[in-house]
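Right, one structure below, let's go through it.
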Amino acid sequence: MTAPVYSIVGRVCRQLLWQTLLGMGVLCAGIYAATSMLLENEQQEQLATKVGFIQEIMRAGAYKGGESELIHKLAYYAPRRPSTFLEVWRGDGSVLYRDGPENGSPDKYWRTMDFEVTLPQGVARGHFAEDCSQDARMLAGLALTLVIATLAGAGFVGYGTTWRVRRGLQPLQALARQTQAIAPDRLGDRLHLSEPVEELQPWIDQFNGLMDRLQRAYVQLEGFNADVAHELRTPLANVIGHTEVALSRERAPEALRETLISNLEEMQRLSALVNDMLFLSQSDRGAVARRGQAVNLAALAEQVVEFHEAPLEEAGLTVQVEGAVSAAVDEPLFKRAVSNLLGNAIRYAEPGSRIVIRIAADAAEQVRVEVQNAGPAIAPQHLARLFDRFFRVDSARPDSQSHHGLGLAIVAAIARMHAGRPVAESDGGSTRVGFTLAAQ
């Protein structure tokens, strides 16, 4: 089941929108709460000031002329404005003075304060209230303004973020267009930005490195295909030619037999080539050697030497095996690698010389196997390509057509299957070619 596709722009904008709503909501709620508290404190202070003034004029009137003067001063000096309420009671509970709405008590927008005043006639109690509906309307307007500001700010942030993120993602869109333009006939194209972006540059470098490796593999594959076609063309042409000649006229049974034998040799050569190509293909796909119990590698090398006894005698060569290292290896693959190395050394060794198969423990738990022969030194430019497929150092040798150039490539593949690598050195009339493998 395919995972749902989402938009980075949409997700980022939604997240910032909710964060802005939350942040501005908390901020505006704090502003409203602080404003409301300041207004309440200011109203309480004003109320206390006015109540204190009322108490002073009540004392002054009572001491000067009794209740009549007290009532006169309250009516004349007490803070008065529309929707202000003042009521004073005598000590016995009777109303001494009342100034305010006659149709009921103040509603919820009034702020009130009770007080007491000690007079010569006794203790008088009072109740003062002041209408604060205007402040309440102001707070309601402030709340509405803050809500609108929060929504408008979130909307602006959402729109601005969408625009900015889209502009910020333009380098990614440019990279997507460049990637889409890469085709098999344009493998040399690479991703680049006119203005480098720090966060994208590592990704660009990794992609360009991948394209470099892909281009090299593609070129190598094309060369491999061309080499395969070249190697197959010659034996196929020989088989076709011999068969056409045999069919051109009546032939004696012996002549036909020779033609079949010749064709069989060519077909065997083709079969060996195809088998080697299949083996290399399996190695390229990551095949790993099947290791058994640890064995004496020198003993396996001796078996390989016995197999090559005839060509060694023909060339007048002797072989010496040095080293007694035991390791767990895939025995058939190990012997095949040593056989390829020994066959290569026999072809290029000076007649009558000695070939040395050296097996030794190397650093980092590696075993090094190399075949040394005396002969012309290999040029450095050829040494670097020694393990390439179908590469021949000297294609002009008389026996070059009997070898298709995959022997050392197979050695390199077997080394990789044993977690090792191929090695080659050539100097001072001595050539050493071999491989390493991980000792398990």
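What follows is calculated from the coordinates using simple rules that are stated; it is not laboratory data. From a predicted model like this one, the values you see are computed outputs, not experimental measurements. Cβ atoms come from the backbone with ideal geometry, glycine included; neighbour counts cover every protein chain shown.
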statement: Pseudo-spin-label distance A328 to W18, built 7 Å along Cα→Cβ, given in nm, is 5.4
message: To check my understanding: the extent here is largest minus smallest coordinate of the Cα atoms along each principal axis. What are those three numbers for region 8-164, in Å, largest first?
response: 84, 26, 24
- prompt: What distance in nm separates the simple spin-label points at W203 and V274, each placed 7 Å from Cα in the Cβ direction?
  reply: 4.7
field: Cα radius of gyration and Dmax for region 89-212 (Å)
entry: 37.6, 114
message: So if each residue of separation counts as 0.36 nm, and I subtract the Cα-Cα distance between A136 and Q180, what length gain in nm does that give?
response: 9.5 nm
field: Calculated log₁₀ intensity ratio I(q)/I(0) where the Debye formula runs over C-alpha points of region 294-438, q = 0.09 Å⁻¹
entry: -0.24
task: Determine by what factor the alpha-carbon radius of gyration of the chain differs from 2.2 N^0.38 Å, reporting the quotient.
output: 2.32
field: Value of [θ]222 nm, deg cm²/dmol, for the chain, DSSP H segments ≥ 4, -39500 (n - 2.57) each, nearest 500
entry: -20000 deg cm²/dmol
query: Is region 231-328 rounded, prolate or oblate when judged by the Cα gyration tensor, a ≥ b ≥ c being the square roots of its eigenvalues, rounded requiring a/c under 1.5 and prolate requiring a/b larger than b/c?
result: oblate
- request: Report the calculated FRET efficiency for S281 and E222 (r = Cβ-Cβ distance, R0 = 22 Å), to the nearest 0.05.
  value: 0.85
query: In µm²/s, what is D for region 201-284 at 20 °C and 1.002 mPa s, where D = kT/(6 pi eta Rh) by Stokes-Einstein and Rh is the Kirkwood radius from Cα pairs?
result: 133
- prompt: So which aspartates and glutamates can K64 reach, going by Cα to Cα under 16 Å and dropping same-chain residues fewer than 8 places off?
  reply: E56
query: In nm, what is the difference between 0.36 nm times the number of residues separating V147 and S94 and their Cα-Cα distance?
result: 14.1 nm
- request: Step through the residues of region 261-268 one at a time and calculate ³J(HN,Hα) from phi using the Karplus curve (6.51 cos²θ - 1.76 cosθ + 1.60, θ = phi - 60°), rounding each to whole Hz and writing x for Gly and Pro.
  value: 4, 5, 5, 4, 4, 5, 5, 5
field: FRET efficiency estimate (nearest 0.05) - Cβ-Cβ, R164 to A294, R0 60 angstrom
entry: 0.40
- request: Name the residue, out of V325, V165, V26, whose mean-square fluctuation peaks in a Gaussian network model built on the chain with Cα pairs under 10 Å.
  value: V26
task: Taking only the C-alpha atoms, wrap a convex hull around region 21-97 and report its volume per residue in Å³ as a whole number.
output: 117
- prompt: Given R₀ = 22 Å, FRET efficiency for Q381-Y348 by Cβ-Cβ distance, to 0.05?
  reply: 0.80
- prompt: Pick from V95, V274, V305: which residue has the top mean-square fluctuation in a GNM of the chain where Cα pairs under 10 Å get a spring?
  reply: V95
Mean projected area (nm²) of the alpha-carbon convex hull when region 155-218 is viewed from all directions: 5.0
message: Ignoring GluC sites (Glu not before Pro) that are buried or in helix or strand per DSSP, and keeping those with at most 12 other beta carbon atoms within 10 Å, what is the longest stretch of the chain between them?
response: 251-364
query: What is the gain in length, in nm to one decimal, between H230 and E258 on full extension, counting 0.36 nm per residue of separation less the C-alpha to C-alpha distance?
result: 7.5 nm
